Every structure is written in structure tokens, then in C-alpha cells.
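K.L.:
Below is the structure I would like to discuss, written out as C-alpha cells.
The values are calculated or read from the model by the stated rules, or taken from the named source; none is laboratory data. What you see is a predicted model; the values in this text were computed from it and never measured. Cβ atoms come from the backbone with ideal geometry, glycine included; neighbour counts cover every protein chain shown. Ligands, DNA and RNA are stripped out before the accessible areas are found, and what is left, the full protein with its side chains, is counted by its heavy atoms. Shrake-Rupley method; radii C 1.70, N 1.55, O 1.52, S 1.80 Å.
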Amino acid sequence: MEFTENLSTNRKSEQERADVLANPGFGDFFTDHTAVIDWSADDSGRNGEWHDARIEPYGPIAMDPAASVLHYGQEIFEGLKAYRHVDGSVWTFRPHANAARLNKSAQRLALPQLDEEVFVESLRKLVATDIDWVPTGDGEALYLRPFMIATEAFLGVRAAREVSYRVIASPAGNYFGGELKPVAIWVSKNYARAGRGGTGSAKCGGNYAASLVAQLEAEENGCKQVLFLDSFNDNAVEELGGMNVFFVTRDNKLVTPALTGTILEGVTRSSVIQLAKDRGMEVEERKITLDEWRGGIASGDIAEVFACGTAAVITPIGVLKNGEELIGDENAAAGEVTMSIREELLGIQLGTVEDRHGWLERLA
């Protein structure tokens, strides 16, 4: 698919861009352009095609007030990063895995499939256009946010026949800010992230909207993130509001909750599993309950706990809070295995560690 270019005549100045890159934060600033592809179907809704692929200036989206996404939440998104290597080239990490997950989410939300190569090309075109926005600071990257929204103006309840796929980009620093140290996590007693047969395995906005009230509760209790449990399954650990959870045992096993349809299949999650296997660790994907977490910390059988995701990469977890007890140690140091895997993963992404699995793809 060929992309046309309508480049911005109002780009940020070199000084404005430098000011942003000096302290990018996370998701606070955006580059000058966006990639867009439209999709339209016939009256049956069964036959559609992608068209009008383009790079255009970043800015507001003109949308009818009756657009389906505004009323029925027909929307999905992805998240990945572009990394500047020492030679100045720009690479991303496992984009085809993100493309496959986008299509899995699209299937669940009755949205059209997008060819994986077109997905990757949209990233390549946007990054090449806005390459000066890719940071060079330690741990920094250009965060890429592809998303798909239903734009048809129609209030009947059915799958939309007009859809827009877009990619925006934001220079990003450390997700949690400051020095990396174990974070405190709030255990949600009253809210669930997703239900059986729902959209838990899809990356859609509704899942995150459902998590926000619990996230507010977490912040009120001094926690960075919230942990969701399956209260109908012995309080089995699910995931955080936007990250998967891992446990390192005393006998050097790596344990993570099995994918049950209510947990998002993270790209970072699958990468961590592979890196653990590479170093000879036994990996268990299985049910793990809050009671096992509590008991394992008390006995020492669980030596380390960490969370992972695209935005924060790998973040050590120090303590769980639920208003009645603390599980773990608020002053715990980051675990040795946690930091070793984190350093290896970041090294692969930044091009300083061998990419044994061919995960990197050059964008510019």
C-alpha cells in the first residue's frame, strides 16, 4: 500500500523539540505527524477495503457526533516503541507480534483486519517522517500508538462500515518516573478488569476504562498500579491495570498466570518467557492465587515479583496493599533475576545485546 504525504507546515521548531526531549515524560507530547488509513465496507458490511493511506499533520480528528466509537466503544489499540541505536538508526521490537494482536483484537471487536506488512509500513512511514523526535537519552524511546476506531455515523447497534486506522507517536521517558525501584501495588477487592467471554484478551479502550476507578483507589493508597483478581476462581491473580505479572521462585522457576481469555497476551510477557527459557529457567504458566503469593513471600518460596509491559518494560514489585495487610516489603531491593532479564531485554531493544531471535526491525 502506497502512502501519500501531506506534510505539516507548522512543525515544532528545533528549540521546541529540544525542550520536549529534555524531559519527555510519558504520553505528554506528540510528534508533528500521524499515519492514517481508512476502511469502507459495502451495504452488507461483509466486503470492505482499506484505502487512502497517508501521512498528515498531527491534529484533531473531525468526527460526526454519531460516530459508532463514541456510543458503542468499537475501538482497539496497540503500543510499541522505536529505539535509537548508537549508529543513529531507529529500530522497533517485534512489530509483527503487535500487528497479530491488533488483528486478534479487531476480530473480537468486529473491526476489519489489517495486513501485518501494512501495519509495519505505517510505523516505518511515520518514524521516517518524524525521526528527529526519537529520543537519545538513557531508557528513552519514541512510543508508537496505533489504533483503530469506528467512524461511521450510525446509532443502530451493529458493526460499523467505516473505520479509521491511525498511528500517533510520543517521545517517552521512564513510565513511572525517576529512579527504578520496586513499586507498591494495590489489590482491588471491589472491581474486576474483565470477565469470562468478554474482551479481556483484546487490547481495547473499554478494558482500561473499567480499570480506572480501581487505579484511582490505588493512587489514593500510595500505590503505582492496581492488581486485579478472579474472585470466582480462588482469587487467582490476573494482571495489573496495564501490565502482566511474574514470580521468581527460590528454586529458580519463573511463574506467570496462564492466559485464560481474561488476560492480555503481552508482547513483553512472551519475550520475558523466552529469555527465561534461554537461560535455563523452568517457566510455568498456571493459576497462581493471592494466597500462594502471600504464603510464598512469607516462606521465601517466592524470591522476586515483577510486572512487565511495553511502556514500563520490567518493573520490580515490592509490596502489595489491600487496606488490611502488606504482602512483601516496602523497602525491598529490586531482585537480581528481575534486573538481569530487564537489562537483557533493554539491551536487545537498544542494539547492545545480540538479537538471537530476530525480534528487531529497522524503521529508519
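K.L.:
Just to confirm my numbers, what's the Cα centroid distance between the range 212-262 and the range 110-136 in Å?
P.N.:
If you average the Cα positions of each part, the centres end up 31 Å apart.
K.L.:
Based on DSSP, what percent of beta bridges with both residues in the chain are antiparallel, to the nearest 5? If you can, show how the numbers build up before the last one.
P.N.:
Numbers: 56 of 70 bridges.
Among the beta bridges of the chain, antiparallel pairing accounts for roughly 80 percent.
K.L.:
A further question follows. Separation between the M339 and D234 pseudo-spin-labels, each 7 Å from Cα along Cα→Cβ, expressed in nm?
P.N.:
For the pair M339/D234, the computed spacing is 3.4 nm.
K.L.:
Using only protein heavy atoms and a 1.4 Å probe, report how much of V118 is accessible, in Å² to the nearest 10.
P.N.:
20
K.L.:
In addition: Which GluC sites (Glu not before Pro) does the range 278-364 hold that lie in a coil by DSSP with at most 15 other beta carbons within 10 Å? Provide the component values of the computation, followed by the final result.
P.N.:
On the way: sites: E282, E284, E285, E292, E304, E324, E325, E330, E336, E343, E344, E354, E361; in loops: E324, E325, E330, E354.
When the GluC sites (Glu not before Pro) of the range 278-364 are filtered for loop state and at most 15 Cβ neighbours within 10 Å, E324, E325, E330, E354 remain.
K.L.:
Let me ask something else about it. Reported to two decimal places, what Rg/Rh ratio describes the range 74-176 when computed on Cα atoms with Rh from the Kirkwood expression?
P.N.:
Working: Rg = 15.3 Å, Rh = 14.7 Å.
That ratio is 1.04, to two decimals.
K.L.:
Largest first and to the nearest Å, give the Cα extent of the range 145-228 along each principal axis.
P.N.:
Each principal axis gives a Cα extent; for the range 145-228 these are 46, 35, 20 Å.
K.L.:
Given the Cα-Cα distance of K253 and E219 and 0.36 nm per residue of separation, how much length would full extension add, in nm?
P.N.:
9.1 nm
K.L.:
Next question. In whole percent, how big is the carbon plus sulfur part of the accessible area of the range 208-342, probe 1.4 Å, protein atoms only? Walk me through the numbers before you get to the answer.
P.N.:
Numbers: 2540 of 5540 Å².
Ligands and nucleic acids excluded, carbon and sulfur reach 46 percent.
K.L.:
Placing +1 at every Lys and Arg Cβ and -1 at every Asp and Glu Cβ, with all other atoms neutral, what dipole size does the range 106-218 have around its Cα centre, in debye to the nearest 20? Spell out each step's value before the answer.
P.N.:
Details: 12 positive and 12 negative charges, 139 e Å.
Computed about the Cα centre, the dipole is about 660 debye.
K.L.:
Would you kindly state the longest site-free stretch of the chain, with sites defined as trypsin sites (Lys or Arg not before Pro) in a DSSP loop (not H, G, I, E, B) surrounded by at most 15 other Cβ atoms within 10 Å?
P.N.:
Details: sites that count: R46, R158, K189, R196, R250, R279, K287, R356.
Free of exposed loop sites, the longest segment is 47-157.
K.L.:
Which order do D43, D19, D301, D355 take when ranked by solvent-accessible area (1.4 Å probe, heavy atoms of all protein chains), largest first? Mind showing how you got there, number by number?
P.N.:
Working: D43 135, D19 95, D301 70, D355 45 Å².
So, going from the largest accessible area down, we get D43, D19, D301, D355.
K.L.:
Mind giving me the FRET efficiency for Y191 and D132? R0 is 45 Å, r the Cβ-Cβ distance, nearest 0.05 is fine.
P.N.:
Working: r = 42 Å, r/R0 = 0.93.
Here the calculated transfer efficiency is 0.60.
K.L.:
Here is a further query. Report the charge-dipole magnitude of the range 29-140 in Debye, nearest 20, computed about the Cα centre from +1 at each Lys and Arg Cβ and -1 at each Asp and Glu Cβ. If you can, show how the numbers build up before the last one.
P.N.:
Details: 10 positive and 19 negative charges, 91 e Å.
Computed charge dipole of the range 29-140: roughly 440 debye.
K.L.:
With only Lys, Arg, Asp and Glu charged, each at its Cβ (+1 for the first two, -1 for the last two), find how big the charge dipole of the chain is about the Cα centre; round to the nearest 20 debye. Walk me through the numbers on the way to the answer.
P.N.:
Working: 35 positive and 55 negative charges, 97 e Å.
Roughly 460 debye for the chain.
K.L.:
What percent do you get for the relative contact order of the chain when only Cα pairs under 8 Å and 6+ apart count?
P.N.:
On the way: 749 pairs, mean separation 67.9, N = 364.
Computed over the chain, the figure is 19 percent.
K.L.:
What percent does the relative contact order of the range 77-212 come to when contacts are Cα pairs within less than 8 Å and at least six residues apart?
P.N.:
Details: 166 pairs, mean separation 35.2, N = 136.
Answer for the range 77-212 is 26 percent.
K.L.:
I would also like to ask the following. Kindly provide the helix-only [θ] at 222 nm of the chain, computed as the sum of -39,500 (n - 2.57) over DSSP H runs of four or more divided by all residues, to the nearest 500 deg cm²/dmol?
P.N.:
Numbers: 8 runs with 95 residues, N = 364.
Result for the chain, helices only: -8000 deg cm²/dmol.
K.L.:
Sum up the charges of everything whose Cβ sits under 12 Å from the Cβ of Q74, counting Lys and Arg as +1 and Asp and Glu as -1, but leave Q74 out. Can you show the working numbers first?
P.N.:
Numbers: positive: R108, R158, R161; negative: E75, E152, E162.
Combined, the nearby Lys, Arg, Asp and Glu give 0.
K.L.:
Hey, rough spin-label estimate for N331 and S44, points 7 angstrom out along Cα→Cβ, what's it come to in nanometres?
P.N.:
Spacing of the two 7 Å Cα→Cβ label points: 7.0 nm.
K.L.:
Projected onto the charge dipole of the range 158-267 (+1 at Lys/Arg Cβ, -1 at Asp/Glu Cβ, origin at the Cα centre), which of A169, N190, G200 gives the Cα projection farthest towards the positive end?
P.N.:
The residue sitting most towards the positive pole is A169.
K.L.:
Further, regarding this structure: With each pseudo-label sitting 7 Å past Cα toward Cβ, what's the E16-A110 distance in nm, one decimal?
P.N.:
4.2
K.L.:
Now for a separate question. State log₁₀ I(q)/I(0) for the chain at q = 0.10, 0.14 Å⁻¹ as given by the Debye formula over alpha-carbon point scatterers of equal weight, solvent excluded.
P.N.:
Each listed q maps to, in turn, -0.66, -1.25.
K.L.:
For the range 146-277, what proportion of DSSP beta bridges, expressed in % and rounded to the nearest 5, is antiparallel?
P.N.:
On the way: 10 of 13 bridges.
Given both bridge residues lie in the range 146-277, the antiparallel proportion sits at roughly 75 percent.
K.L.:
Gain in length, D87 to E265, computed as 0.36 nm per residue apart minus the alpha-carbon separation, to one decimal in nm? If you can, show how the numbers build up before the last one.
P.N.:
On the way: separation 178, 0.36 × 178 = 64.08 nm, distance 3.25 nm.
Here the segment from D87 to E265 would lengthen by 60.8 nm.
K.L.:
Let me ask something else about it. Among V36, A66, A106, which residue has its Cα furthest toward the positive end of the charge dipole of the chain, with +1 on Lys/Arg Cβ and -1 on Asp/Glu Cβ?
P.N.:
Selected residue: A106.
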